[in-house]
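Any read-out appearing in this document is the output of simple, stated calculations on the displayed coordinates, not a laboratory observation. Everything quoted here is computed from the prediction, not taken from an experiment. When we count neighbours, we look across all protein chains shown, and the Cβ atoms used for this are built from the backbone with ideal geometry, even at glycine.
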Amino acid sequence: MTQAIEVEPLTPTIGAEINGVDLAEPLSEETFAQIHDAWMKHLVLFFRDQHLTPEQHLEFGRRFGKLHIHPAAPFLHDNPELMKVHTDKDSHIQNGATWHSDVSADEEPPLGSILHLHHVPPKGGDTLFANMYAAFEALSEPIQNLLVGLEAHHVSDYTHQYGDHKPQREFPRAVHPVVRTHPITGRQALFVNSGFTKRIRGMSRTESDALLEMLFKHVTNPAFHCRFQWQANSIAMWDNRCVQHLAIWDYYPQTRSGIRVTVQGDRPFFRQEAV
Ligand code: SIN
């Protein structure tokens with residue numbers, strides 16, 4: 001059935017709340033296209049009061065592509081496509097607490113992630129999202145020109161993050177362009193993040209560290225951000241090709257938990273003519 005969706009932007013730069021759709025229901029092609037268009041325009045979408053079963057969550061994710069399996073995160077219902085997101089009084093670390101694009105160390109990093117939180121703390125536990133098109137566009141022309149030819153090493157290491165859970169596969173590492181062209185919008189996005197990007201190729205350690213430090217600081221500019229306050233049964237879906245995010249752990253010892261379904265992406269590329 002076609003549902004007319006309402007799109008309420010959170011900021012002029014990034015994020016929109018979507019109303020008038022029940023994601024537990026099968027989506028018509030038209031409704032799916034409206035959601036996809038809003039996603040490409042606003043980069044992160046938020047839905048409230050969604051009561052999806054894990055199977056319905058998987059179905060929604062599969063509308064966007066093949067599902068991604070995290071290298072190391074624990075999962076639910078014996079299905080590694082259902083990544084467990086859980087922090088409570090016994091946690092020593094919270095998933096996603098630094099600025100990152102999900103598993104950017106994969107050769108083909110996830111294009112998007114769909115997080116459904118079932119249990120949220122009474123206060124706190126917000127997630128920040130940053131627009132990487134805006135971050136690239138705000139750089140001066142000399143720095144933009146320097147970055148577009150460069151590649152960087154992305155390395156993952158989950159050794160201490162997930163306790164005794166046995167990893168699903170080897171921790172990935174990959175080399176990606178520092179500025180990537182979004183395959184759907186054709187826009188250029190900054191694609192280095194403090195979670196995974198370790199070194200710019202072809203530069204000395206001193207040069208690479210200085211450039212990455214400047215870019216990681218640049219990403220923290222609030223002008224590129226929106227901040228989402230979760231409620232139980234909210235969903236956020238973000239486009240990892242042009243968004244970084246950071247989950248704030250300010251609610252210890254409270255519990256925050258849910259499920260993330262992640263959609264497999266393609267190999268990042270840079271296409272000059274899109275500039
Ligand atoms: C993540 O998937 O990186 C965590 C996001 C969150 O928990 O808000």
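Every listed requirement among (1) within 11 Å of the ligand (Cβ to nearest atom); (2) under 15 Å from PHE129 (Cα atoms) is met by THR220 save one, (1).
All told, THR53 falls short of being among the polar types (S, T, N, Q), surrounded by 21 or more Cβ atoms within 10 Å (Cβ to Cβ) and either under 18 Å from LEU117 (Cβ atoms) or touching a helix residue (DSSP H, G or I) at 6+ places or on another chain (Cβ under 9 Å) (or both). In the set (1) in contact (Cβ under 8 Å) with a residue 60 or more places away in the chain; (2) closer than 21 Å to LYS41 by Cα; (3) small (Gly, Ala, Ser), the condition left unmet by GLY195 is number (2). Taking each residue of segment 128-148 that is within 27 Å of GLN229 (Cα to Cα) and looking for partners that are basic (Lys, Arg) and part of a loop (DSSP other than H, G, I, E, B) with beta-carbon atoms closer than 7 Å, six or more apart or interchain, yields TYR133/ARG187. Look through segment 170-187, keep the residues that are out of contact with any Cys (no Cβ under 9 Å at 6 or more places or on another chain) and outside any loop (DSSP other than H, G, I, E, B), and return whichever of them is surrounded by the most Cβ atoms within 10 Å (Cβ to Cβ). Filtering first and then ranking leaves HIS176.
Exactly one residue out of LEU82, LEU58 is buried (at least 16 other Cβ atoms within 10 Å of the Cβ), over 27 Å from ALA130 (Cβ atoms) and of a type in the set (A, V, I, L, M): that is LEU58.
Scanning segment 20-36 for residues that are crowded, with 19+ Cβ neighbours inside 10 Å and in a helix (DSSP H, G or I), we see that the one that is farthest from the chain's Cα centre (by Cα) is THR31. Give segment 217-275 a look and list any residue that's of a type in the set (A, V, I, L, M) and over 23 Å from PRO177 (Cβ atoms), or say none. Answer for segment 217-275, where residues must be of a type in the set (A, V, I, L, M) and over 23 Å from PRO177 (Cβ atoms): ALA223, ALA232, ILE235, ALA236, MET237, ALA247, ILE248, ILE259, VAL261.
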